[in-house]
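Enquirer: For reference, the structure I am asking about is given below.
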Amino acid sequence: MAALIILALTVITSLAGLWFAPRLIEWNLFRPYWFLRSRQYWTAIGSALVHASLSHLLLNAMTFWFFARPLERVIGSIRLTALYAFGLAVSDAGTWIRYRNDPNYASLGASGAILAVLFAAIVYFPRQSIFILPIPVPIPAPLFAVCYLLFSFYSTRHPHGRINHAAHFDGALAGLAFVALTDPEAWQRAVAAFR
C-alpha cells in the first residue's frame, strides 16, 4: 500500500506541476544554497514530488513501481517507507554538500529515493529480470541498475535541465546501506545466490 501511495502522490503532484501549475515545480525545487539561508526545508521532500518532464516522471514511476511492489511484500510498508525516506535524505544531503555554495543550482525529482529502492530490491531479488519495451528479452535487474548508473554518470558530465543525476549514486548507496543495517542476512543470501 505504501508503494501505491508514494507513487500516486508523486504522479499527481508532478502532473499538476507539468500541466496546470508550473509555479508548483519552481516552488519545490531543491536549492542547496538557499536551503538553510532561506529556510526552504519543505523542498527536501517537495522536490521529490515534482519532475522535469513527462518522460522523467515516466522513467522514475516505472522503475519505482516495478521494484517497490515486490520489495514491499517482503519488507513491509513501514520499512519500504523508511527506505524511501532514507534514500531521499541521503541524496538530498549529498546534493547539499556538492552544491551548497552555488546560488544558481536547483534540482528536482525522486531519483535518489527510487535508486535506493532499486538497489535494495536487487539485494532481496538478485536474479530478478525486467522487460523494457521495445527490447524483446528480459534484462537482469543488476544489469539494469548498472546501466542506470552509467547513464547517470554520463548525464552528470553533460547536465541538461534540473534533473539531479548525481543523486542517483547517493540513492544507490543508501539502498545498499539500508539493507545492510536493517537486514544483513539479505546480503548474505544475495551473495550466496551468485556462488
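The values are calculated or read from the model by the stated rules, or taken from the named source; none is laboratory data. Model, not experiment: these values are computed from the prediction. Here the Cβ positions follow ideal geometry from the backbone for every residue, glycine too, while neighbour counts run over all protein chains shown.
Enquirer: Can you name every residue in region 93-115 that is surrounded by 24 or more Cβ atoms within 10 Å (Cβ to Cβ) and outside any helix (DSSP H, G or I)?
Expert: Ser107, Leu108, Gly109, Ala110
Enquirer: Considering (1) outside any loop (DSSP other than H, G, I, E, B); (2) touching a Phe, Trp or Tyr at 6+ places or on another chain (Cβ under 8 Å); (3) at pLDDT 95 or above, say which one Tyr41 fails and leave the rest.
Expert: Every condition holds for Tyr41 apart from (1).
Enquirer: Another one. Determine, yes or no, whether Pro142 is assigned to a loop (DSSP other than H, G, I, E, B) and free of Cβ contacts under 8 Å to residues at least 60 places away in the same chain.
Expert: No, not satisfied.
Enquirer: Could I ask something else about it? What are the pairs, 6+ residues apart or on separate chains, where a residue within region 43-54 that is free of Cβ contacts under 8 Å to residues at least 40 places away in the same chain has its Cβ under 9 Å from a residue that is of a type in the set (Asp, Glu) and crowded, with 19+ Cβ neighbours inside 10 Å?
Expert: Thr43/Asp92
Enquirer: For Ala141, state whether it is more than 29 Å from Glu26 (Cβ to Cβ) and within 17 Å of the chain's Cα centre (by Cα).
Expert: Yes.
Enquirer: Restricting to region 1-43, give me the number of residues that are surrounded by fewer than 19 Cβ atoms within 10 Å (Cβ to Cβ) and in contact with a strand residue (DSSP E or B) (Cβ under 9 Å, 6 or more places away or on another chain).
Expert: 1
Enquirer: Take the residues of region 146-195 that are surrounded by 17 or more Cβ atoms within 10 Å (Cβ to Cβ) and of a type in the set (Val, Ile, Thr): which is farthest from Gly76 (Cα to Cα)?
Expert: Ranking the candidates gives Ile163 first.
Enquirer: Of the numbered conditions (1) touching a helix residue (DSSP H, G or I) at 6+ places or on another chain (Cβ under 9 Å); (2) without any contact (Cβ under 8 Å) to a residue 40 or more places away in the chain; (3) surrounded by fewer than 16 Cβ atoms within 10 Å (Cβ to Cβ); (4) among the aliphatic types (A, V, I, L, M), Val74 satisfies every one except a single condition; which is it?
Expert: (2)
Enquirer: Which residues, taken from region 154-164, are at pLDDT below 80 and of a type outside the set (Gly, Ala, Ser)?
Expert: Result: Thr156, Arg157, His158, Pro159, His160.
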